[in-house]
Amino acid sequence: MKRKIRSIFAAALSVMVLSGCGNKAPEPQVSPAATEYKWEFAMKNTGIDELKTECDQKGSVVSLEYDTPAYAVNDLLGLNETIHKKMSVYLPYNYDESQTYNVLYLLHGTEGDADGPMEDFWLVQWGSETLNVLDNMIKNGLCDPLIVVCPTYYSMVDGHELGDNEAKALAEKRSDSYIYTSEAEDGGEVDNSQNIWPVYFGQELRNNIIPTVESTYSTYARKDVSESNLVATRDHRAFAGLSRGSMTVARSGLTDNADIFAYFGNYSGIWQEFETFRTALTQDYKDYPIKFWYNGNGKMDFAKPNHDEFMDKVKAEMPDTFTDGENFAYVVLKDGAHIYKSWLVDLYNSLLVFYK
């Protein structure tokens with residue numbers, strides 16, 4: 001089933017507007033953001049055009065299959081379903097089993113009418129530009145050779161669709177204003193079921209995706225995918241995503257799995273309850289410092305207000321966890337929008353700082 005993109009995130013934004021009614025809370029005192037970062041981040045969609053040309057040292061893309069419980073469907077409908085899924089995997093030029101590689105788990109956004117399988121978004125649907133940038137960055141020494149894994153957070157089960165009722169029940173259970181809304185800001189159609197997947201994906205990522213990938217390929221886990229070893233090798237693992245994939249990173253990554261990832265990338269929005277986020281990182285995962293959290297948005301991106309608000313809270317209320325210019329950056333592309341060209345720049349910027 002194809003989904004509408006714009007209205008869903010407009011709905012999320014409307015929740016923020018409505019929740020601000022009543023007595024106005026004092027404005028947080030925010031320390032100034034770093035105006036210039038020490039890293040040479042691209043600041044425009046055209047900033048990496050030279051890396052989009054074909055490279056003579058090409059990596060390869062393969063498909064990796066796995067089985068997983070249908071975590072969302074099983075929990076919300078009381079079932080016990082297992083589904084078979086695929087993910088697309090980028091292996092760098094001259095991939096060598098005798099070497100060890102860092103891994104980036106990279107997510108798509110909401111499925112649109114023109115999209116194919118969402119695990120193919122980065123490496124197949126938009127493959128030529130994504131692959132050229134990865135190949136050229138590695139060839140030019142801008143980042144070390146790495147493995148990029150593109151799964152999908154969608155885990156539908158035929159005959160057992162999740163809808164508004166399930167989203168509403170989940171939102172009430174978690175006291176989460178971003179999962180369910182009755183009205184879209186732009187007056188369009190709302191599909192609250194889309195907001196279910198970011199909540200549950202972390203279980204699949206931890207229990208099924210990472211063990212499949214890192215028992216197959218030569219990562220720093222060295223094919224030992226026990227939980228203790230995944231924790232021990234977190235410095236060589238990153239998780240990033242765009243739009244609703246960014247929402248998933250905030251929830252299923254930073255909030256739920258910060259003990260097995262040290263690097264995160266959020267492109268175009270957060271859509272997470274701030275107190276839940278802060279509690280996770282300052283209490284649940286306080287012994288697992290985030291090595292770098294890259295945030296990217298665009299000046300013309302409709303997700304920017306949500307991202308701005310969350311970044312202001314992080315800088316004001318979590319100074320011991322994130323320091324702008326050290327383990328944290330928020331880059332706003334001057335011509336950026338809610339489009340692939342901007343997200344590709346965010347991917348480039350992330351790889352400048354991940355695994356360092």
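The values are calculated or read from the model by the stated rules, or taken from the named source; none is laboratory data. A quick note: this is a predicted structure, and the numbers were derived from the prediction, not measured. Positions of Cβ are backbone-derived with ideal geometry, glycine not excepted, and every protein chain shown enters the neighbour counts.
Quick rundown of the values:
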item	result
First in the range 119-132 and of a type in the set (Ser, Thr, Tyr), second anywhere and part of a helix (DSSP H, G or I), Cβ under 7 Å, 6 or more apart	THR130/TRP122; THR130/LEU123; THR130/LEU344
In the range 147-172, the residues that are of a type in the set (Gly, Ala, Ser), in contact (Cβ under 8 Å) with a residue 24 or more places away in the chain and in a loop (DSSP other than H, G, I, E, B)	SER155, GLY163
Filter result (more than 21 Å from PRO151 (Cα to Cα) and either acidic (Asp, Glu) or part of a strand (DSSP E or B) (or both)) within the range 89-106	ASP96, GLU97
Residue match in the range 145-162 (condition: modelled with pLDDT under 95, charged (D, E, K, R), over 21 Å from the mean Cα position of the chain (by Cα) and surrounded by fewer than 19 Cβ atoms within 10 Å (Cβ to Cβ))	no
Residues located in the range 274-313, provided they are touching a strand residue (DSSP E or B) at 6+ places or on another chain (Cβ under 9 Å) and within 22 Å of TYR355 (Cβ to Cβ)	ILE290, LYS291, PHE292, TRP293, TYR294, ASN295, GLY296
Failed criterion for ASN266 (all others in (1) under 14 Å from the mean Cα position of the chain (by Cα); (2) assigned to a loop (DSSP other than H, G, I, E, B) hold)	(2)
Any chance SER268 is modelled with pLDDT of 95 or more, surrounded by 24 or more Cβ atoms within 10 Å (Cβ to Cβ), hydroxyl-bearing (Ser, Thr, Tyr) and closer than 16 Å to TRP343 by Cα	yes
Which listed residue is farther than 16 Å from GLY265 by Cα and in contact (Cβ under 8 Å) with a residue 12 or more places away in the chain, from ASP301, ASP324	ASP301
Of all residues making up the range 318-356, the number that are of a type in the set (D, E, K, R), crowded, with 17+ Cβ neighbours inside 10 Å and over 22 Å from PHE261 (Cβ atoms)	1
